[in-house]
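Let me begin by presenting the structure, written as structure tokens, before commenting on it.
The values are calculated or read from the model by the stated rules, or taken from the named source; none is laboratory data. Not measured: the values here are computed from a predicted model. Neighbour counts are summed over all protein chains in view; Cβ atoms, including those assigned to glycine, are modelled from backbone coordinates with ideal geometry.
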Amino acid sequence: MLGSTHGTLTTDSRRARVIACGEQPGPAVHGRPAEVDDLDVSGRPLYSDVPDLDRLFRPRSVAVIGASDAEGRPNTGVTRQLLAWSERVGARLHPVHPTRPSVFGIPCSPSVADLPEQVDLAVLLVADPLPVIEELAEAKVRFAVVFASGFAETGAEGAIAQARLAAAVNRSGMRMLGPNTNLNAFEHFRDDLAGPAIALITQSGHQGRPVFALQELGIRLSHWAPTGNEADLETSDFLSYFAEQPEVGAIACYVEGLKDGRSFLLAADRAARRGVPVVAVKVGRTETGARTAASHTGKLTGADAVVDAAMRQYGVIRVDGLDELQDTAALLARARPPRADGVVVYSISGGTGAHVADLATEAGLSLPELSQARQAELHQWIPEYLNVANPVDNGGHPVGDWRGRKIIDAILADPEVGVLICPITGPFPPLSDRLVQDLVDAAERTDKLVCVVWGSPVGTEPAYREVLLGSSRVATFRTVANCLTAVRAHLDHHRFVTRYRSPLDSAPRTPSPSFRKARELMRPGQQLSEHAAKQLLRAYGIRVPREQLVTSAAAAVRAAGLVGYPVVMKASGARIAHKTELGLVKIGLTSASQVRDAYRELTDIARYEDVSLDGVLVCQMVERGVEMVVGVTHDELFGPTVTVGLGGVLVEVLRDVAVRVPPFGEEQARDMCAELRGRALLDGVRGRPPADLDALVEVVLRVQRMALELGDHVAELDINPLMVLPRGQGAVALDALVVCT
């Protein structure tokens with residue numbers, strides 16, 4: 001069930017109330033709901049509250065249940081770390097153990113009931129946390145952290161045990177981190193670093209280590225949330241919370257599975273509204289990865305294409321490797337908004353510049369050719385025979401004297417340039433030392449992004465360790481690939497937030513008149529006939545061909561005369577999925593005799609194949625268009641999704657589709673069409689006229705409305721083919737398949 005949260009109605013009860021009563025919650029103000037249960041027409045929430053997690057990360061008092069100071073005991077090391085952490089954050093620590101009078105010299109309480117004060121945070125170092133959770137509820141503890149494993153990650157029995165634990169937490173009003181979590185939230189965060197910080201969310205603690213290590217490079221971390229199995233607190237809760245923290249410049253996530261797709265989108269929407277970049281590694285691109293993630297955390301990984309699309313819709317930057325997560329999050333946390341999208345590659349080697357320029361272009365970055373005036377300026381300091389159009393090759397020698405800084409300043413002064421990338425493939429002191437210092441000095445005096453790729457495999461050189469890493473203004477990378485990935489993400493993020501308008505604000509909240517018509521056509525648990533499916537489309541304003549359903553050859557002839565020759569004839573029945581393969585479609589019929597013969601042949605084939613018919617459709621023949629497919633499917637995590645792609649009989653072979661999670665607006669619908677590999681067909685090829693893209697977008701938006709209103713009543717909806725006619729002539733749904741839930 002999607003969209004359920006603590007203290008709210010279930011999705012089904014919310015939807016019933018909205019549809020039955022026509023309830024319309026008040027308008028949102030400043031991105032927040034006027035009513036807590038502001039719902040879309042499907043009954044799913046449009047906003048979520050931000051959990052108050054201040055006392056989880058900065059408690060005033062901490063209880064350690066199962067504390068120990070006995071040498072060789074696992075709990076001893078954990079207790080020692082919690083004691084040191086509590087001292088750093090200024091919290092009072094209370095060990096709890098039934099037989100020990102003290103732990104590390106601190107008086108020990110025999111039980112939770114005997115604690116000397118009400119505590120903010122309880123850390124459970126016990127194998128069976130359920131009884132303790134109930135005791136903590138009596139003591140009105142606000143947060144609990146459960147390390148114990150053996151829950152949903154182990155299979156069905158563990159999932160049942162985790163459900164009991166979650167139910168106890170839900171009844172208590174307390175919030176819980178875990179189970180199957182670790183000590184990452186209680187690490188030693190450096191407090192001597194300045195600038196915007198990275199907040200880290202990981203479902204596997206070890207996977208956050210590369211990002212946590214950024215502190216050694218001078219990049220600040222503010223929080224680490226190791227979410228574990230997410231029986232209560234989940235990735236979405238921390239995403240919402242971190243997006244509201246003023247010190248957080250970027251959020252880095254390692255996600256194995258999402259607990260609730262809608263909650264994740266609401267949290268991502270909050271970050272997008274505030275302009276806080278979110279960078280995520282999401283496991284599950286392959287079947288093997290998805291299976292492993294499920295065994296690790298016990299959650300759904302989601303159909304990867306849908307997860308990928310949903311993340312892009314809400315501006316979440318998805319990367320593949322932990323090194324990319326590290327470098328991209330670091331750049332996004334610290335870099336200022338770009339002044340321009342143009343990238344210049346500057347190097348001491350023509351070969352290096354050409355190579356990096358190729359890679360940058362392939363990565364989707366724009367490398368504008370510098371103006372003739374700018375090139376002439378650069379040639380004051382760079383020999384005429386070297387290329388300075390972009391990439392800029394200085395030949396090496398100018399970096400060793402006063403000319404090096406002049407070149408850098410001239411490049412950064414160009415209004416089309418927003419990013420300068422300087423690859424240094426290996427150290428060559430003293431020239432590389434002078435080059436690095438010039439880049440750092442220039443970066444301090446510009447609001448444009450200066451990136452250096454330090455390619456030395458050693459990484460111990462003073463120019464790297466002391467000068468580059470000592471600068472908060474130069475973004476330093478060890479590989480060209482990671483640099484280009486981060487720069488692309490930086491530019492994409494700021495383009496995204498500049499134009500972002502939350503689709504949740506304009507999502508429909510009450511059913512349309514079309515819904516009431518459509519509901520009468522639904523047949524629970526059945527597939528609709530093509531005729532009924534087209535009636536459903538017509539109810540939502542989607543154009544279908546002129547057609548009539550007939551039950552005799554004579555009626556077919558009369559219908560053909562009314563529809564107008566040439567006609568198409570198709571068998572229509574609730575259990576027919578692939579009419580073409582069965583020979584149940586006849587096209588291009590131009591006479592009454594052909595229509596009579598076609599009727600008899602179609603009904604004979606249906607009897608032979610034991611296919612029940614409700615009649616034969618006599619349809620207008622529509623030609624001269626681009627065959628597309630538009631459909632609705634149901635995703636386990638995100639609910640109804642909308643797909644558009646190249647259609648026709650080869651749709652399964654071509655697999656050229658784009659997907660979005662409703663609600664979305666016209667801009668996203670156009671982006672879907674632009675993503676298709678076969679987009680050129682819509683633009684017009686080989687002398688064919690451009691297709692009516694506006695009509696296609698309109699169909700996608702109408703199907704989205706169907707997905708929102710009927711998504712939980714429809715398991716599958718396919719319009720294939722949707723014939724998109726030449727520009728200005730519209731689009732016609734030639735066939736449709738609807739399977740009701």
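Filter the range 498-521 for residues that are of a type in the set (D, E, K, R) and part of a helix (DSSP H, G or I); which is farthest from G573 (Cα to Cα)?
R499
Let me confirm something: among R209, R190, which residue is part of a helix (DSSP H, G or I) and either surrounded by fewer than 17 Cβ atoms within 10 Å (Cβ to Cβ) or of a type in the set (S, T, Y) (or both)?
That would be R209, the only listed residue that is part of a helix (DSSP H, G or I) and either surrounded by fewer than 17 Cβ atoms within 10 Å (Cβ to Cβ) or of a type in the set (S, T, Y) (or both).
Looking only at the range 392-431, which residues are modelled with pLDDT under 95, of a type in the set (G, A, S) and in a helix (DSSP H, G or I)?
Result: G400, single match.
Filter the range 442-462 for residues that are of a type in the set (D, E, K, R) and under 23 Å from L491 (Cα atoms); which is surrounded by the most Cβ atoms within 10 Å (Cβ to Cβ)?
The extreme case among them is K448.
With respect to A486, determine if the residue is at pLDDT 95 or above and not in a helix (DSSP H, G or I).
Criteria not met by A486.
Assuming L258 fulfils every condition listed in (1) crowded, with 23+ Cβ neighbours inside 10 Å; (2) modelled with pLDDT of 95 or more; (3) touching an Asp or Glu at 6+ places or on another chain (Cβ under 9 Å) apart from one, which condition is it?
(2)
I'd like the residue in the range 212-244 that is among the charged types (D, E, K, R) and part of a helix (DSSP H, G or I) and, out of all such residues, is farthest from Q326 (Cα to Cα).
Filtering first and then ranking leaves D237.
Tell me which residues, restricted to the range 639-672, are in contact with a Lys or Arg (Cβ under 7 Å, 6 or more places away or on another chain), hydrophobic (A, V, I, L, M, F, W, C) and either surrounded by fewer than 22 Cβ atoms within 10 Å (Cβ to Cβ) or in contact (Cβ under 8 Å) with a residue 40 or more places away in the chain (or both).
V642
Considering only the range 716-728, I want to know if a residue exists there that is at pLDDT 95 or above, of a type in the set (A, V, I, L, M, F, W, C), under 20 Å from S514 (Cα atoms) and out of contact with any strand residue (DSSP E or B) (no Cβ under 6 Å at 6 or more places or on another chain).
No, because not a single residue in the range 716-728 is at pLDDT 95 or above, of a type in the set (A, V, I, L, M, F, W, C), under 20 Å from S514 (Cα atoms) and out of contact with any strand residue (DSSP E or B) (no Cβ under 6 Å at 6 or more places or on another chain).
For residues in the range 492-521 being farther than 18 Å from A271 by Cβ and under 25 Å from the mean Cα position of the chain (by Cα), which is surrounded by the most Cβ atoms within 10 Å (Cβ to Cβ)?
Selected residue: A507.
Output the helices (runs of 4 or more DSSP H) that fall wholly within the range 283-366 and possess 2 or more residues being within 16 Å of Y254 (Cα to Cα), under 23 Å from the mean Cα position of the chain (by Cα) and at pLDDT below 95, or say none.
287-297, 304-313
Could you grab me the full set of residues in the range 413-466 that are within 20 Å of V343 (Cβ to Cβ) and of a type in the set (S, T, Y)?
Selection gives T425, T446.
If I ask for residues that are surrounded by fewer than 19 Cβ atoms within 10 Å (Cβ to Cβ), outside any helix (DSSP H, G or I) and touching a residue at least 40 places away in the same chain (Cβ under 8 Å), which ones from the range 53-101 would you list?
Hit for the range 53-101 is R60, nothing else.
Just to be sure before I move on: is G396 touching a residue at least 24 places away in the same chain (Cβ under 8 Å) and on the phi > 0 side of the Ramachandran plot in the structure I sent?
For G396, the condition - touching a residue at least 24 places away in the same chain (Cβ under 8 Å) and on the phi > 0 side of the Ramachandran plot - is met.
For the range 71-97, give me the residue count where each residue is more than 18 Å from N184 (Cα to Cα) and at pLDDT below 95.
Result for the range 71-97: 3.
Does D735 satisfy being in contact (Cβ under 8 Å) with a residue 60 or more places away in the chain and in contact with a helix residue (DSSP H, G or I) (Cβ under 7 Å, 6 or more places away or on another chain)?
Yes; evaluated as a whole, the condition is true for this residue.
Return the pair list, or none, for Cβ contacts closer than 7 Å from residues in the range 216-244 that are assigned by TED's automatic domain parsing to the domain that holds V255 and over 30 Å from R473 (Cβ atoms) to residues that are in a helix (DSSP H, G or I) and of a type in the set (D, E), at least 6 apart or on different chains.
Filtered contacts from the range 216-244: N229/E153.
Among the residues of the range 106-145, write down those that are within 19 Å of A161 (Cα to Cα) and either basic (K, R) or assigned to a helix (DSSP H, G or I) (or both).
Correct list: L130, P131, V132, I133, E134, E135, L136, A137.
Is it the case, given these coordinates, that D120 is surrounded by fewer than 20 Cβ atoms within 10 Å (Cβ to Cβ), under 35 Å from the mean Cα position of the chain (by Cα), at pLDDT 95 or above and of a type in the set (D, E)?
In short, yes.
Considering only the range 511-536, state which residues are under 16 Å from A707 (Cβ atoms) and hydroxyl-bearing (S, T, Y).
If the condition is that a residue be under 16 Å from A707 (Cβ atoms) and hydroxyl-bearing (S, T, Y), then S512, S514 are the ones that fit.
Restricting to the range 716-736, and then to whatever is of a type in the set (V, I, T) and surrounded by 24 or more Cβ atoms within 10 Å (Cβ to Cβ), can you tell me which residue is farthest from V700 (Cα to Cα)?
For the range 716-736, the residue satisfying everything is V724.
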